[in-house]
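Below you'll find the structure, written out as C-alpha cells, and then a few comments.
What follows draws every value from the coordinates through simple rules; no lab data is involved. As the structure is a prediction and not an experimental result, all values here were calculated from the model. Positions of Cβ are backbone-derived with ideal geometry, glycine not excepted, and every protein chain shown enters the neighbour counts.
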Amino acid sequence: MTTIYHNPRCSKSRQCLAIVEERQQDIEVIKYLETPPSIEELTTIIKLLGIQPIALVRTNESIWKEQYKGNSYTDQELIEMMCAHPKLIERPIVIHEGKAVIGRPPEKVIKIV
C-alpha cells in the first residue's frame, strides 16, 4: 500500500500522484485539507521523513505569516499547528513500505515507489 497526502489543487501534488499511479496499484489518496492527519499520524509521518517538524511547515502560507512567523515553537507546537491548519503542511507526502518522502520535486517519489 502506498499512501499519498494529496492536495488536488496543487500541480506538484497532481504530478506526484501521476507518478505513483504509474508505479503502484494499491494507493490510498488522502486529501489532507479535507481529512487532516491526527497529531499522532503527523508525528509518525515526520519520523518517517527523518526531518524536524519545521521542515514540513509551508512558511510562505498566509496563515504562517499572519499568525506564527517570528516566534519560536516547540516541535509539539508545530505539529499541533499543522494539524489545526493543514494548509501549513508541505505537500505532497508519499509513504511506501515504511519510507516517506516529500514529493518536491515530484520525481523524488521514484526513490521509494
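Odds and ends about this structure:
- In degrees, nearest ten, helix 11-23 long axis to first principal axis of the chain (Cα): 30 degrees
- Cβ-based net charge around Met1, under 12 Å, with every Lys or Arg adding one and every Asp or Glu removing one: -3
- Sparse-neighbourhood loop sites, trypsin sites (Lys or Arg not before Pro) in the stretch 43-113 - DSSP loop, at most 12 other Cβ within 10 angstrom: Lys69
- Pairs over the 20 Å Cα-Cα cut-off, from the set Lys12/Lys87; Lys47/Lys69; Lys12/Lys69; Lys31/Lys111: Lys47/Lys69; Lys12/Lys69; Lys31/Lys111.
- Cβ charges +1 (Lys, Arg) and -1 (Asp, Glu), total dipole of the chain, debye: 480 debye
- Cα long-axis angle, helix 75-84 against the chain (0 to 90 degrees, to the nearest 10): 70 degrees
- With contacts taken as Cα pairs under 8 Å and at least 6 residues apart, the chain reaches a relative contact order of 37 percent.
- Measuring how big the stretch 2-111 is from its alpha-carbon positions, Rg and Dmax come out at 13.5, 43 Å.
- Counting Lys and Arg as +1 and Asp and Glu as -1 over every other residue whose Cβ lies under 14 Å from the Cβ of Gln67, the net charge comes to 0.
- Coordinate range along principal axes, alpha carbons of the stretch 10-75, Å, largest first: 43, 24, 21
- Selection of GluC sites (Glu not before Pro), the stretch 1-88, meeting DSSP coil and at most 12 other Cβ within 10 Å: Glu34
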